[in-house]
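In what follows, a structure is listed as structure tokens, so that the remarks can point back to it.
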Amino acid sequence: MTATAEKKLHDCRDAWVETLVELGQADPRIVAVVNDSVGSSKLGPFQSEFPERLINVGIAEQDMVGVGAGLANGGKIPFVSAASCFLTARAMEQIKVDAAYSEHHMVLVGQSPGMAYGELGPTHHSIEDLAWLRAIPNLTVVVPSDPEETRQAVRWAAQHDGPVFIRVSRMGVPDVNPAGYEFAPGKAVTLREGSDVTLIATGTVVSRALDAAELLASRGVSARVLSMPTISPLDKDAILAAAAETKGIVTVEEALTSGLGGAVAELVVQHQPVPMRFVGVTGFAPTGEVGWLLDHFGISATGIAEAASEIVGA
Amino acid sequence: MTVEEDLVPEVHVEDVPQEAFTVIGRVPEGATREEAIAHLRAAARAVRGRDIRMVRAAGLGHIGGEFSVIDILVTLYLDSLHMGPELLGDPDRDRFILSKGHAAAALYTTLAAAGFIDPDDLSTFMQPMSQLNGHPARTKIAAVEASTGPLGHGLPIAVGTAIAGKLDGSARRTFVVTGDGEMQEGSNWEALMTAGNHGLANLCVIVDRNRLQQGARVADTNDLEPLPDKLRAFGMEVIELDGHDHGALRDAFANVPAASGKPTAIVAHTMKGHPISFMSDNVAWHHKVPSAEQVEAALTELEQS
Ligand SMILES: Cc1ncc(C[n+]2csc(CCOP(=O)(O)OP(=O)(O)O)c2C)c(N)n1
Ligand SMILES: [Mg+2]
């Protein structure tokens, strides 16, 4: 149905671990902290090369984030990596206090987020993470959309002196950023120019927004596509320009719409009110595989195009 | 040693079991100990056989931890629990919580064997809109007392149900099964402290002590030992037994509430993947999905078990 179907899909965890190993080779301060999640974080290669620098606290997420903060205090650069659902839901106060409030240089890596765990159900989905984390001051929240962006975000976080959350997808995604792309924290990326409506998408579903723009073009609607790799802080200028230059905004995310959608709406409603539609997850998912669930919630080219059509009246 | 995780399902619709799974029912009233054990053994064999085929068909599941806990589940539901389909709304029913919710397929199959869910529904395991989710949800299945999946939730909830039972002066008991890796979660130790201090004799915690977690041995990850001593220090009456011995399990369950007035903690020594030779005690089988040939080999071994 969509162009994505024919493109090569990548598990961004591969880019994440390759980059971490490179960073580890260059800087002995780089350590990984995990919760029995070596396999699910694809950290095998890092563990083989630096067995002492991988701290596995077992199934204990609060301990994991606290230990990470202590390692940062001890001069290490910890990458705390676990399934995003457990990392964020279980250790939220450690993220708030030990990472963000304390302004520790530590990187929280939320693996397999959104509904990647499909039929394992809502306990294993991480749809709340964007809404929760954007509510925490001082925390940079990065949601890469493809392997190259994942690589650059991990490198940037290693040298950024502050707490960062990076959401690493395992659901296959195509490359969406142009050759020579450079990730800049807090900056949106214009992937497609357009004048009627703007689609603002993040992470795993940026490719679906691009497919929707294609679909809209075939119906004579010109859609701008902004990829938003940083949810907090937001690229206010790019969003307000889109609000001023097009008829309205559709946000697209593999998360509750109170994540990216809520963040964009808070800005737009104050400074440049325009019609908006929110494409994302709207409740606890029924049983189903991730692709089926995305379609179920309308996070598809057709669902996004439909939301855009409501705005432009086409 | 660690294993690479891959929970991306490869569904094998052609392998969905077509023939009906039969309700096995409880150990008959008045059965001798030997008869009861024979009933439970046969039931456990049937549950394992169906479980492995469900996991194969869904392309997802946690076969290792399912096979380690099935004897415990079958003994509880088909014998020890004061709980049956007719007692679902009864406030005085015994409560059971599977805290290690990743063994959902084992729970569903046992619930079907005990008549709580329609055996025909087993073929919908993890299919779109199925009530049989990858982790048990209390909103989807009446017999499920607590939604689990994230580890470290069941025991605190069990402590709450036990306190409520005590407040009501009810004779009902609460049983909860945790994984041994799961005992690394601090919430469990917070709950045990509460259980000990409240003298919850109506509570029984069963630790499925298979010595393996997701990626490695528990001892090589963040060791639990000396587990029995720790449980004792938290005020538990501790029993160690072979978690595949139906006789030992039913005797231990019959002893709850303990005469000492303390909560009971059973350290059930088990093997992940039991009794299949190529799965048993092998960390690779935490959530590996068997090939069609491996299912056949396992079914043959089960027949002989
Ligand atoms: C809070 C939380 N962290 C991580 C996981 C991922 N996980 C699922 S099963 C498992 C290993 C469980 O090991 P154990 O408790 O020993 O269970 P068993 O060996 O009986 O399968 C892990 C880490 C989880 N479900 N919940
Ligand atoms: Mg275990």
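With r as the distance between the Cβ atoms of residue A:314 and residue A:245 and R0 = 22 Å, compute the FRET efficiency 1/(1 + (r/R0)^6) and round to 0.05. Working shown, then result.
On the way: r = 18 Å, r/R0 = 0.80.
Computed FRET efficiency for residue A:245 and residue A:314: 0.80.
For an R0 of 22 angstrom, estimate the FRET efficiency from the Cβ-Cβ distance between residue B:29 and residue B:255 and round to the nearest 0.05.
Values: r = 20 Å, r/R0 = 0.93.
My answer for the efficiency is 0.60.
What does the helix-only formula give at 222 nm for chain A: each DSSP H stretch with n ≥ 4 adding -39500 (n - 2.57), the total divided by the residues, and the result rounded to the nearest 500 deg cm²/dmol?
Values: 11 runs with 114 residues, N = 314.
My calculation for chain A gives -11000 deg cm²/dmol from helical runs alone.
Just to be sure I understand: with springs between alpha-carbon atoms less than 10 Å apart, which residue in A:136, A:299, A:95 has the highest mean-square fluctuation in the Gaussian network model of chain A?
Top of the fluctuation ranking is A:136.
Hey, could you pull the Cα Rg and Dmax for chain A, both in Å?
In Å, with Rg to one decimal and Dmax whole: 18.7, 59.
What does the charge dipole of chain A about its Cα centre add up to, to the nearest 20 debye, if the Cβ of each Lys and Arg holds +1 and the Cβ of each Asp and Glu holds -1? Intermediate results must be reported in sequence, preceding the final value.
On the way: 22 positive and 37 negative charges, 48 e Å.
Computed about the Cα centre, the dipole is about 240 debye.
Please give me the summed charge of the neighbours of residue B:13: other residues whose Cβ is under 15 Å from its Cβ, Lys and Arg +1, Asp and Glu -1. Please report the intermediate quantities before stating the final value.
Working: positive: B:53, B:56; negative: A:119, A:289, B:10, B:14, B:15.
Charge balance near residue B:13 sits at -3.
Which of the pairs A:96/B:272; B:166/B:272; A:8/A:236; A:8/B:288; B:140/B:288 have their Cα atoms more than 28 Å apart in this structure?
On the way: A:96/B:272 37 Å; B:166/B:272 35 Å; A:8/A:236 32 Å; A:8/B:288 26 Å; B:140/B:288 26 Å.
From A:96/B:272; B:166/B:272; A:8/A:236; A:8/B:288; B:140/B:288, over 28 Å: A:96/B:272; B:166/B:272; A:8/A:236.
Counting only heavy atoms of protein chains, what accessible area per residue, in Å², does the stretch A:4-168 have with a probe of 1.4 Å? Walk me through the numbers before you get to the answer.
Working: 5270 Å² over 165 residues.
Per-residue value: 32 Å².
Just name one of A:115, B:302, A:9: the one whose Cα is farthest towards the positive end of the charge dipole of the protein assembly as shown (beta-carbon charges, Lys/Arg +1, Asp/Glu -1).
A:115
Please report the net charge: other residues with Cβ closer than 12 Å to the Cβ of residue A:300, K and R +1, D and E -1. Walk me through the numbers before you get to the answer.
Numbers: positive: A:208; negative: A:211, A:254, A:295, A:306.
Local charge sum for residue A:300: -3.
For the protein assembly as shown, just list the percent of Cα-Cα distances falling in each 20 Å bin from zero outward, please.
20, 49, 27, 4, 0
How much mean residue ellipticity at 222 nm does chain B get from its helices, if each DSSP H run of length 4 or more adds -39500 (n - 2.57) and you divide by all residues, to the nearest 500 deg cm²/dmol?
Numbers: 9 runs with 109 residues, N = 305.
Roughly -11000 deg cm²/dmol at 222 nm, from the helical runs in chain B.
Using the Cβ atoms and a cut-off under 11 Å, what net charge is assigned to the surroundings of residue A:228, where Lys and Arg are +1 and Asp and Glu are -1? Can you show the working numbers first?
Values: positive: A:187; negative: A:235, A:253.
Within the 11 Å Cβ shell, the charges total -1.
What is the helix-to-structure angle for A:12-26, meaning the angle in degrees between its Cα long axis and the longest Cα principal axis of chain A, kept from 0 to 90 and rounded to the nearest 10?
That helix lies at roughly 40 degrees to the long axis.
Relative to the isolated chain, which residues of the stretch A:89-132 have their accessible area cut by 50 Å² or more in the presence of all protein chains (1.4 Å probe, heavy atoms, no ligands or nucleic acids)?
A:90, A:119, A:120, A:123
So for the protein assembly as shown: antiparallel DSSP bridges make up what percent, rounded to the nearest 5? Walk me through the intermediate numbers first.
Details: 8 of 65 bridges.
The answer is about 10 percent antiparallel.
Calculate one ³J(HN,Hα) per residue across the stretch B:20-25 by plugging θ = phi - 60° into the Karplus curve 6.51 cos²θ - 1.76 cosθ + 1.60, and present them in order as whole Hz with x for glycine and proline.
5, 9, 9, 5, 8, x
Viscosity 1.306 mPa s, temperature 10 °C: Stokes-Einstein D of the stretch A:196-314 from its Kirkwood Cα radius, in µm² per second?
Values: Rh = 14.0 Å.
D = 114 µm²/s.
Calculate the length of the line joining the C-alpha centroid of the stretch A:193-255 to that of the stretch A:260-286, in whole Å.
The stretch A:193-255 and the stretch A:260-286 have Cα centres separated by 12 Å.
Within 10 Å of each Cβ in A:287-294, how many Cβ atoms from other chains are there, averaged over the peptide?
Per residue, the average neighbour count from other chains is 4.
Please state the charge dipole magnitude for the stretch A:165-314, taken about the Cα centre, from unit charges on C-beta atoms (+1 on K and R, -1 on D and E), reported in debye and rounded to the nearest 20.
On the way: 10 positive and 16 negative charges, 26 e Å.
It works out to roughly 120 debye.
What is the angle, in °, between the Cα long axis of helix A:61-73 and the longest principal axis of the Cα atoms in chain A? Nearest 10 is fine, range 0 to 90.
Taking the Cα atoms of chain A, the angle to A:61-73 is about 70 degrees.
Give the angle, between 0 and 90 degrees and rounded to the nearest 10, that separates the Cα long axis of helix A:301-312 from the longest principal axis of the Cα atoms of chain A.
The angle comes out near 50 degrees.
Please list, ordered by chain and number, the residues whose modelled amide H lies under 5 Å from the amide H of residue B:173; skip anything fewer than 5 residues away on the same chain.
It is B:94, B:95, by chain and number.
Excluding residues on the same chain fewer than 8 positions from residue A:42, give the aspartates and glutamates whose Cα lies under 16 Å from its Cα.
A:11, A:14, A:18, A:22, B:4, B:5, B:6
Work out the FRET efficiency for residue A:52 and residue A:266 from their Cβ-Cβ distance, taking R0 = 45 Å, and round it to the nearest 0.05.
Values: r = 44 Å, r/R0 = 0.99.
The calculated FRET efficiency here is 0.50.
Over all directions, how big on average is the projection of the convex hull of the alpha-carbon atoms in chain B, in square nanometres? Kindly include the intermediate steps, with their values, before the conclusion.
Values: hull surface 58.9 nm².
Orientation-averaged projected area of the Cα hull: 14.7 nm².
Calculate what fraction, in whole %, of the accessible area of the protein assembly as shown sits on carbon and sulfur atoms when a 1.4 Å probe is rolled over the protein chains. Don't skip to the end; give the middle numbers.
On the way: 11310 of 22170 Å².
Taking all protein chains in place, the protein assembly as shown shows 51 percent carbon and sulfur surface.
Sort out for me the Cα centre separation of the stretch B:151-185 from the stretch A:1-58, rounded to whole Å.
About 36 Å separates the Cα centre of the stretch B:151-185 from the one of the stretch A:1-58.
Using the Cα centre of the protein assembly as shown as the reference point, and only Cβ charges (+1 on K/R, -1 on D/E), how large is the resulting charge dipole? Debye, rounded to the nearest 20. Show your work: numbers first, answer last.
On the way: 47 positive and 79 negative charges, 191 e Å.
The calculated dipole for the protein assembly as shown is roughly 920 debye.
The values are calculated or read from the model by the stated rules, or taken from the named source; none is laboratory data. As the structure is a prediction and not an experimental result, all values here were calculated from the model. Glycine also receives a Cβ, built like all others from the backbone with ideal geometry; neighbour counts cover every protein chain displayed. Surface areas here come from the heavy atoms of the whole protein model, side chains and all, with no ligands, DNA or RNA. Shrake-Rupley method; radii C 1.70, N 1.55, O 1.52, S 1.80 Å.
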